[in-house]
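Colleague: Here it is, the structure, as structure tokens.
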Amino acid sequence: MLRTRALPALVALGVLAGCAVGSSATPASDAGTLGAAVDEATSAVETTRLAARLLRTDRASAAVVDTTIDDSVHVLSDASFAVSTLVPGGPRAAAWRDEALDAVNEATVAVARARDWANGVGDAATVRAALDESAQRLDDLGTRLERAADA
Amino acid sequence: MSPRLRRSARPFPDDEALPEAPRPAGLVLDARLHLLDRQTLDVDGRPVATVDDLELGAPGSTSLSGDDTVLVAALLSGPVLATRVFGGRPPSSRLHRIDWRHVTDVGTTVRLGVHGEELDVLWVERWVRDHVIGRIPGGRHDPG
Amino acid sequence: MKRLLGVALGILTAIGGFLDIGDLVTNAVVGSRFGLSLAWVVAVGVVGICLFAQMSGRVAAVSGRATFEIIRERLGPRAAGANLTASFLINLLTLTAEIGGIALALQLASSVEPRLWIPVAALAVWLVVWRAKFSIMENVTGLLGLTLVVFAVALFLLHPPWGELATQALQPTVPSQEGHASYWYYAIALFGAAMTPYEVFFFSSGAIEERWTVKDIGQSRLNVLVGFPFGGVLSVAIAACAAVVLLPRHVEVSSLSQIVLPVALAGGKLALAVVIVGIVAATMGAALETSLSSGYTLAQFFGWSWGKFRRPAQAARFHLTMIVGIVVATGVLMTSVDPIKVTEFSVVFSAVALPLTYLPILLVANDPEYMGEHVNGRATNAVALVYLVVILAASLAAIPLMIVTGAGS
């Protein structure tokens, strides 16, 4: 009787212990996690680009644009958190993590400058260029990570 | 399911007639179907409470034995709902009663012949009215 | 002429009152990630809510009793109590989401942070519940909510590829970058957003508030059968706007500000102003309905005096329940929780609670003791049974899918 009760308990304990021990992350799963964070960042930068375009063409009020960019900043900080708290499973994953962190930080700076411009500080052309560049960089990185995750 | 018995083995005669059910004068109710969980309305048609339980008793005695006639002494509402759902019984002093003599009609709702103001069952409503809602501006005015 | 106006008012109010923050957010998220490949869920949900709202309105008009009162009589205190607990908690979650939605919309209008708007929004909701007449409350929020038709107008102004949209809607496939589990998770979320449980309790209690009789069944049927489908069309328009503007840009909707960007792109500042008014009105209307629903369900279960037609002093516990509900919702929102996240949870949990809400209504609508000759016809029962199966399936699959997909991420 004790034996039949002990066995499932031991199996359960073994499974839980397996979950608790270290990081079983493969490069593909790391690429997947980083890819999701980079997608989030891409979304935020594209939202900011759209909002900036609407402000430039006078199709949106300053309040709406300011709120939109503020929300994008929050999304970027979530993405940055996800990237910086990743424990990479190998040197390749570590290199990706560094690059992703760099790209997300660049995006954060571009979006923050866009918000300044929306509030009257800075010029439209520089802001637009920075956002475009950041969007391109995130897009390239996202494509590479997606290929690595599918591999 | 009991097994089917042969005619010869049945404990009753074939042509036995079942006794007639008693047909007392007045309305016949099933306490569980028609009284429990029914909305109670006072004489003005205002909701009083839902019947959560029934207090049953024999006239003139506090204990019941086998063939005593059992009468509905009161409708119960309030905390007795918890004991109804989970089991048990609160002491008699803690029951919030609507005496049966106040009931005038039983249909889809139970109608009473008294005003809600006079009933103990509504003391929480009166308390909330006097001490919470009544104190907020506009509480005693009609809406709109 | 007056009758025609009355009929029109009923229909327009039903259209304007259909959308709430759950519909807005879920449709926009789905549009930005799945295009129109989940539009069929909106159609299924609209038919379902038409069916059950119509049933609950008929129950109230014929029997003179609200649905939840009858649920306790028919199912007993234990089953009705379980139903009450689940409905009340999910109602509270939805109320929190709606008041949060009002604050987010006011932030869009003013750039003032939502935390400062939350107490204002909560106070406004309470004041209307406290003092305003039921019919005025319904008509004003319904008609103002009708301005959300600007989403449909914006869709036209964006000159979308209609053929492609139609293909996506009529031949649904899971997009390549999303998984099957996510697809079905959002299908359930969209279903829960369309078939909001509180709507049914509100509808039947509202019928009592407005003193409907058997004569009013025809009008209510018209309101529901014309109004709700139009509301469904607006839902799909929101998804389509997101699909046309946000999906190609790889924008994933996670805030109210992103939802209105397509409207701004299409129609400029004027359209933006109109859509913000519409969102404030729709979320305000839904906040009123959910807080009233919480009061109705609790009061009807315990047999308390209830109703907006009574002065608050004559329905004291009913009003106290609503005050407590609004205060709790405000408290939760002041912890800076994201109202969009609360909304996403509320629609999924609404889907989980749907069987608890709809099965009793089906039972009561078939009961001749309350309905007399107006019990459900065979056709209604057949469709209702099919829906019961769908609802049960959605309810059982919701939580496992939420766990597997990590709440859709």
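Colleague: With (1) hydrophobic (A, V, I, L, M, F, W, C); (2) away from chain B (no Cβ under 14 Å); (3) not in a helix (DSSP H, G or I) as the list, and C:I276 as the residue in question, which single condition is left unmet?
Modeller: So C:I276 meets the others, but not (3).
Colleague: Oh, and also: Could you count how many residues in region B:1-54 are surrounded by 11 or more Cβ atoms within 10 Å (Cβ to Cβ), over 20 Å from B:H96 (Cα atoms) and of a type in the set (V, I, T)?
Modeller: 0
Colleague: Now a separate question. Give the number of residues within region C:231-270 that are of a type outside the set (G, A, S), assigned to a loop (DSSP other than H, G, I, E, B) and at the interface with chain A (Cβ under 10 Å from one of its Cβ atoms).
Modeller: Adding up the residues that qualify gives 7.
Colleague: I need a count of the residues in region C:109-127 that are surrounded by fewer than 21 Cβ atoms within 10 Å (Cβ to Cβ), within 22 Å of the chain's Cα centre (by Cα) and more than 10 Å from every other protein chain (Cβ to nearest Cβ).
Modeller: Summing the residues that are surrounded by fewer than 21 Cβ atoms within 10 Å (Cβ to Cβ), within 22 Å of the chain's Cα centre (by Cα) and more than 10 Å from every other protein chain (Cβ to nearest Cβ) in region C:109-127 gives 2.
Colleague: Which condition does C:P77 not pass, out of (1) out of contact with any Asp or Glu (no Cβ under 8 Å at 6 or more places or on another chain); (2) within 14 Å of chain B (Cβ to nearest Cβ), if it passes all the others?
Modeller: Against the list (1) out of contact with any Asp or Glu (no Cβ under 8 Å at 6 or more places or on another chain); (2) within 14 Å of chain B (Cβ to nearest Cβ), C:P77 comes up short only on (1).
Colleague: I've got another one for you. Can you tell me which residue among B:R111, B:R97, B:R89 is in contact with a Leu (Cβ under 8 Å, 6 or more places away or on another chain) and either away from chain C (no Cβ under 14 Å) or on the phi > 0 side of the Ramachandran plot (or both)?
Modeller: B:R97
Colleague: Looking at region C:111-131, which of its residues are over 30 Å from A:D71 (Cβ atoms) and free of Cβ contacts under 8 Å to residues at least 40 places away in the same chain?
Modeller: Within region C:111-131, C:R131 is the sole residue that qualifies.
Colleague: Since C:R378 meets every condition but one in (1) more than 14 Å from chain B (Cβ to nearest Cβ); (2) buried (at least 16 other Cβ atoms within 10 Å of the Cβ), which condition does it not meet?
Modeller: Here C:R378 meets the rest and fails (2).
Colleague: Determine which member of the set B:D120, B:D99, B:D105, B:D52 is without any contact (Cβ under 8 Å) to a residue 12 or more places away in the chain and not hydrophobic (A, V, I, L, M, F, W, C).
Modeller: After applying the criteria, what remains is B:D105.
Colleague: Determine whether region C:191-206 contains at least one residue that is more than 15 Å from the chain's Cα centre (by Cα) and hydrophobic (A, V, I, L, M, F, W, C).
Modeller: No, the conditions are met nowhere in region C:191-206.
Colleague: I've got another one for you. Tell me the residue from C:S87, C:S111 that is in contact with a helix residue (DSSP H, G or I) (Cβ under 6 Å, 6 or more places away or on another chain), among the hydroxyl-bearing types (S, T, Y), at pLDDT below 95 and over 30 Å from B:V85 (Cβ atoms), please.
Modeller: Only one candidate qualifies: C:S111.
Colleague: Sticking with this structure for a sec: I'm checking my understanding of the structure. Among residues of region C:264-295 that are out of contact with any Ser or Thr (no Cβ under 8 Å at 6 or more places or on another chain) and not small (G, A, S), which one is surrounded by the fewest Cβ atoms within 10 Å (Cβ to Cβ)?
Modeller: Filtering region C:264-295 for residues that are out of contact with any Ser or Thr (no Cβ under 8 Å at 6 or more places or on another chain) and not small (G, A, S), the one surrounded by the fewest Cβ atoms within 10 Å (Cβ to Cβ) comes out as C:L270.
Colleague: Right, another one. So which of B:V124, B:V103, B:V51 ends up being of a type in the set (A, V, I, L, M) and over 13 Å from the mean Cα position of the chain (by Cα)?
Modeller: B:V124
Colleague: Does C:A379 satisfy the criteria of being under 15 Å from C:V47 (Cα atoms) and either in contact (Cβ under 8 Å) with a residue 24 or more places away in the chain or of a type in the set (G, A, S) (or both)?
Modeller: So C:A379 fits the description; yes.
Colleague: Keeping to region C:205-219, report how many residues are in a helix (DSSP H, G or I), touching a residue at least 24 places away in the same chain (Cβ under 8 Å) and not hydrophobic (A, V, I, L, M, F, W, C).
Modeller: Within region C:205-219, the subset in a helix (DSSP H, G or I) is C:205-209, C:214-219.
From the residues that got through so far, the ones that are touching a residue at least 24 places away in the same chain (Cβ under 8 Å) too are C:205-209, C:214, C:216-217, C:219.
Those still in the list that are not hydrophobic (A, V, I, L, M, F, W, C) too: C:205-206, C:209, C:216, C:219.
Number satisfying all stated conditions: 5.
Colleague: Now for a separate question. Could you list, in sequence order, all residues of region C:66-81 that are surrounded by fewer than 22 Cβ atoms within 10 Å (Cβ to Cβ) and either outside any helix (DSSP H, G or I) or in contact with a Phe, Trp or Tyr (Cβ under 8 Å, 6 or more places away or on another chain) (or both)? Reasoning before the result, please.
Modeller: First pass over region C:66-81, keeping only residues surrounded by fewer than 22 Cβ atoms within 10 Å (Cβ to Cβ): C:74-79, C:81.
Of everything in region C:66-81, just one residue is surrounded by fewer than 22 Cβ atoms within 10 Å (Cβ to Cβ) and either outside any helix (DSSP H, G or I) or in contact with a Phe, Trp or Tyr (Cβ under 8 Å, 6 or more places away or on another chain) (or both), namely C:G81.
Colleague: Suppose we keep only residues that are facing another protein chain (nearest Cβ under 7 Å) and exposed (fewer than 15 other Cβ atoms within 10 Å of the Cβ) within region B:135-144. Which one would you say is nearest to C:N139 (Cα to Cα)?
Modeller: Out of the qualifying residues, it is B:G144.
Colleague: Can I ask one more? Within the group C:A132, C:A189, which residue is closer than 30 Å to C:P312 by Cβ and at pLDDT 90 or above?
Modeller: The match here is C:A132.
Colleague: With the checklist (1) more than 11 Å from every other protein chain (Cβ to nearest Cβ); (2) touching a Ser or Thr at 6+ places or on another chain (Cβ under 7 Å); (3) of a type outside the set (S, T, N, Q) in hand, flag the one item B:G57 doesn't pass.
Modeller: Going through the list (1) more than 11 Å from every other protein chain (Cβ to nearest Cβ); (2) touching a Ser or Thr at 6+ places or on another chain (Cβ under 7 Å); (3) of a type outside the set (S, T, N, Q), B:G57 breaks only (2).
Colleague: Here is a further query. Suppose we filter region A:51-98 for residues that are of a type in the set (G, A, S), within 10 Å of another protein chain (Cβ to nearest Cβ) and within 19 Å of C:G267 (Cα to Cα); how many remain?
Modeller: Residues meeting the conditions: 5.
Colleague: Quick test of your reading of the structure: A:G120 fulfils all but one of (1) in a helix (DSSP H, G or I); (2) closer than 17 Å to A:R49 by Cα; (3) of a type outside the set (K, R). Name the failing condition by number.
Modeller: If we test A:G120 against (1) in a helix (DSSP H, G or I); (2) closer than 17 Å to A:R49 by Cα; (3) of a type outside the set (K, R), just (1) comes out false.
Colleague: Let me ask you something else. Among (1) within 14 Å of chain B (Cβ to nearest Cβ); (2) free of Cβ contacts under 8 Å to residues at least 12 places away in the same chain; (3) surrounded by fewer than 20 Cβ atoms within 10 Å (Cβ to Cβ), which single condition is C:F309 missing?
Modeller: (2)
Colleague: Only one residue in C:V149, C:V128 is among the β-branched types (V, I, T) and closer than 30 Å to C:R211 by Cβ, so which one is that?
Modeller: C:V128
Colleague: Among the residues that make up region C:331-348, is at least one of them within 21 Å of the chain's Cα centre (by Cα) and within 30 Å of B:P143 (Cα to Cα)?
Modeller: yes
Residues are listed down the side, and each one gets a yes or a no for (1) touching a Gly at 6+ places or on another chain (Cβ under 8 Å); (2) at pLDDT below 90; (3) surrounded by 19 or more Cβ atoms within 10 Å (Cβ to Cβ); (4) within 16 Å of C:L9 (Cβ to Cβ):
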| site | (1), (2), (3), (4) |
| --- | --- |
| C:F201 | no, yes, yes, no |
| C:S204 | yes, yes, yes, no |
| C:T213 | no, yes, no, no |
| C:D216 | no, yes, no, yes |
| C:S220 | yes, yes, yes, yes |
| C:F228 | no, no, yes, yes |
| C:L234 | no, no, yes, no |
| C:I238 | yes, no, yes, no |
| C:C241 | yes, no, yes, no |
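The values are calculated or read from the model by the stated rules, or taken from the named source; none is laboratory data. Bear in mind that the values here come from a model prediction, so they are computed numbers and not experimental data. A quick note on method: Cβ atoms are made from the backbone with ideal geometry, for glycine too, and the neighbour counts reach across all protein chains shown.
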